[in-house]
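Below is one structure, written out as structure tokens, with a few remarks after it.
Each value in this text was obtained by applying a stated rule to the coordinates, not by laboratory testing. All of these numbers come straight from a predicted model, not from anything done at the bench. Positions of Cβ are backbone-derived with ideal geometry, glycine not excepted, and every protein chain shown enters the neighbour counts.
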Amino acid sequence: MTTAAPELLTVPDVMARLKVGRTKVYDLIRTHQLASIKIDGARRVPADAVRDFIQSRLAEAA
């Protein structure tokens with residue numbers, strides 16, 4: 001049984017999904033609020049990490 005590879009987003013993809021700027025995305029990554037990986041120097045963020053980040057923020061706001 002094979003599992004599907006997680007969808008990996010670029011920083012501009014994350015910027016668009018969260019409606020924030022590049023600096024904010026990198027700040028979230030730097031402070032470990034948003035998980036990411038590097039592939040040959042290119043930063044990628046799993047789509048699940050963005051979803052989890054949004055869900056945690058919604059839970060905090062409730």
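Quick look at the numbers
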quantity	calculated
Residue satisfying all of: in segment 28-43; under 11 Å from the mean Cα position of the chain (by Cα) and not in a strand (DSSP E or B); surrounded by the fewest Cβ atoms within 10 Å (Cβ to Cβ) among these	32
Residue 21 being surrounded by 10 or more Cβ atoms within 10 Å (Cβ to Cβ) and small (Gly, Ala, Ser)	yes
Hits in segment 40-62 (condition: within 13 Å of residue 11 (Cα to Cα), without any contact (Cβ under 8 Å) to a residue 24 or more places away in the chain and of a type in the set (A, V, I, L, M))	49
